[in-house]
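Values quoted throughout were computed directly from the atomic coordinates according to the rules given, and no laboratory measurement underlies them. Quick caveat: nothing in here was measured; it's all calculated off a predicted structure. As a convention, Cβ positions derive from the backbone with ideal geometry for all residues, glycine included, and neighbour counts pool all protein chains shown.
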Amino acid sequence: MASVLEALEALEAEARSAFAAVRSAEDLEKVRIEYLGKKGKLKDAKAQVGQAAAEDRPKVGARAKELEAAVQGCFEEAQARLASGGPALSGVEALRDERLQKLKKYEAVHGAGSAWGARFANLSAIEELRKKFPPLAEGQQPDSNQTLGTGRIAARVMLRRDQSKKLIFLTVADQSGELQVALWNKKLPEATLDLLRESLDLWDLIGVEGELAYTQRGEPTLWATEIKLLTKCLAPPPEKHHGLTDKETRYRHRHLDLISNPDSRKAFITRAKLVSGVRRFLDDQGFLEMETPVLQTIPGGAAARPFKTHLNALGIDMFMRIATEIPLKKLLVGGLDKVYELGRIFRNEGVDYSHNPEFTTVELYQAYADLRDMMALVENLVSHLARELTGGTTVTFRGKPVKLGAPWPRLDYCELLEKHAGVKATDEAGLDRKIREAGENPEGLSMVDKIDSVFGTYAEPHLTDACFVINQPVEMSPLCKAHPEDAAKAHRFEAFAASMEIANAYSELNDPLEQRKRLAAQMRETWAKFMREVLDEPGASIGADLKIGIEGLVQRVEHSADWQPTGDSDANRLLRSIETQVKTWKRKDYFFERMQRLEDPSLLIDEDFLHALEHGMPPAGGMGIGIDRVCMLITGCDSIRDVILFPLMRPEKNA
RNA sequence: GAGGGGGUAGCUCAGGUGGUAGAGCAACGGAUUUUUAAUCCGUUGGUCGGGGGUUCGAGUCCCCCCCUCCUCACCA
């Protein structure tokens, strides 16, 4: 013990005199590394604590702590004495500083601002230049003296291999691919080569003009005769071989992902082609692309929860659209017979591998057509896109093959239910049993909800290859015509692939009287459902009076076909009572949001839409396709986040 | 909302039972005139997600919080 303690004392004395003797910033850095550095003497000393006898460790440990503080103090003292411009740079700052130095070095020769480049015209894509290299036969020795023409490219430096001070190989990449560039003193002025050797970093953007020739190893290479820095990269790039794998970083900083991961870049290029392919396909069939409002006062066309926003100029609340259906149908009324809209819609709901709050759909409507036209259209469209973008009609999703080739089988909704769940759609007790088997509670669910729940749990997982599910119960489809041969069924299909719904189509309901009935029924159902939820909310205590009032209202809503919330003073009184009680509930935000929707009846019955139908909407086929999901299938991406450039991410909190 | 995996150098990752954080790549210095994830020699670089606790000593043990991925739930 004595010896360890003595050693510590001696080290402190030694460090004090060493730091005291420092006369320059360089010396200080040396002494700092000697004592405080990673392999410095202080580390060695601290390591000895563990070697000391167990009973001595407390004393020795405490002394080592003092020593560390003392030496750190010596360093700071010396630093202050020299006034050497603040603490040493560390980590990413040091790397950035190195690059700044190189930037200055380059600009010292080429002038201020030269590191940020300018127009560099008459470029070839790397992909095009590579085509100028004749393919080499197996084992064939390339003629490295033969020039195969010239090339001019702009690209990012991905790899750098210095063979010597006279020859440097770079691997550079542009959007189309990678190519080797050689900087050689026999092709490039010595001064240029020297400057670049000392100032060129990975991920810098450069412009190169030169001769095309194989190397002796047969690598297609652009031998630079002129080279310019087009943009300096100041931030340190990710690891050159493994690239960027951390998903969070990839989503938050997509630009890094696109540079580092060619597969990711390829997926988004494919997505762009897919979107333009959809447009071309529809345009070629005479559809016109329309642009309808994103901001709406009544978010209709679906039952999803909307995002709410506020328009200052008019002092009104507005909503982001949850579908494009309603305005497009008004265009059918207006005499535009084949219309579509491809764009973003917004739903204030969950996030998982196949859901993002904002996503892209294409909705299309064709007058005087029906479901059958929509079927032909979507199966041709999707198999056409698959063939064009992947070369085939069978894709791989989550490790399993998925067939997208037309024609897709037509599967009856109720038959699927019976086949996979073993119950009939009319068998309420059976449905309840299946819901309980899945660990859910069927109480409070409407018949439609029950059927939907069982179908989702038992049938959807089996819908791997692209298929049409048809003949849904009509209650599930409020905007859809009844089936011409069976009024209980909807003239509707949902297209599934890989267990995801990728399209949904109707023979559109154009009877304004029937439409009003359906919307009213849906509205009453929503009211009743909300009231029942309030009654069932676990942990919520509501007074006996209120309970009776709510139960009464539910009865009234469910049994009177023409019930309207407007003017029902009982309903408003109940809402106010609920409002005061809900304030302390755990899920109060959820309930307040639902209450707000219920307070404005126009949110549930879109009178303007019904009025439009009364002017005559032609019978029509209509369809919505989930572009993101189709894109997942065609690019083979397992998550919707891999096909959305900037998926939703919780903001990072800085501590 | 529930369960599980993860957060360590700029990047990719190691770190039995607490002993004072390592490697590869990148960076810096040097060698190298046809390499290709170039190679060889040397060097620097870390509030180990954040906060608190136990301890002489915490990446490691305990508590709280944050972010993320996966599965499930929710979701026309």
Where does the Debye-calculated log10 I(q)/I(0) of chain A sit at q = 0.05, 0.09 Å⁻¹, using only Cα point scatterers of equal weight, no solvent? -0.42, -0.95
What number does segment A:84-241 give for Rg over Rh if you use C-alpha atoms and the Kirkwood radius? 1.01
Based on the alpha-carbon set only, what is the convex hull volume of segment A:511-600 divided per residue, in Å³? 91 Å³
Orientation-averaged projected area, Cα convex hull of segment A:293-344 (nm²): 4.2 nm²
Kirkwood Rh for segment A:319-431 from C-alpha pairs, in Å, is 17.6 Å
Could you list, in their original order, any pairs among A:Lys104/A:Lys228; A:Lys166/A:Lys187; A:Lys434/A:Lys588; A:Lys240/A:Lys400 whose Cα atoms are separated by more than 21 Å? A:Lys434/A:Lys588; A:Lys240/A:Lys400
The answer for the per residue Cα convex hull volume of segment A:210-298, in Å³, is 263 Å³
Which residues does a label at A:Lys132 reach in segment A:165-182, if reach means a backbone N under 19 Å from a point 7 Å past the Cα toward the Cβ? A:170-182
Project the alpha carbons of segment A:173-255 onto their principal axes and report the range along each, largest first, in whole Å. 46, 28, 18
Report, to one decimal in Å, the Kirkwood hydrodynamic radius for segment A:436-512 based on all distinct Cα pairs. 13.5 Å
Using just the C-alpha positions of segment A:552-640 as equal point scatterers, what log10 of I(q)/I(0) does the Debye formula give at each q in 0.25 1/Å? -1.25
Determine the principal axes of the Cα atoms in segment A:264-362, then give the extent along each, sorted from largest to smallest and rounded to whole angstroms. 41, 40, 25
Residue pairs, from the table A:Lys30/A:Lys105; A:Lys450/A:Lys529; A:Lys419/A:Lys481; A:Lys338/A:Lys517; A:Lys547/A:Lys583; A:Lys43/A:Lys65, whose Cα atoms sit over 19 Å apart: A:Lys30/A:Lys105; A:Lys419/A:Lys481; A:Lys338/A:Lys517
Filter the GluC sites (Glu not before Pro) in segment A:449-556 down to the DSSP loop ones having no more than 16 other Cβ atoms within 10 Å, then list what survives. A:Glu485
Under the definition of Cα pairs under 8 Å and six or more residues apart, what whole-number percent is the relative contact order of chain A? 10 percent
DSSP H helices in chain A with Cα extent of 18 Å or more along the helix axis and mean Kyte-Doolittle hydropathy at least 0.0? A:2-21, A:371-390, A:544-559
Proximal charge balance of A:Tyr340 [Cβ under 13 Å; K/R count +1, D/E count -1]: -4
Could you calculate, for segment A:468-550, the ratio of the Cα radius of gyration to the Kirkwood radius, expressed as Rg to Rh? 1.17
How much mean residue ellipticity at 222 nm does chain A get from its helices, if each DSSP H run of length 4 or more adds -39500 (n - 2.57) and you divide by all residues, to the nearest 500 deg cm²/dmol? -13500 deg cm²/dmol
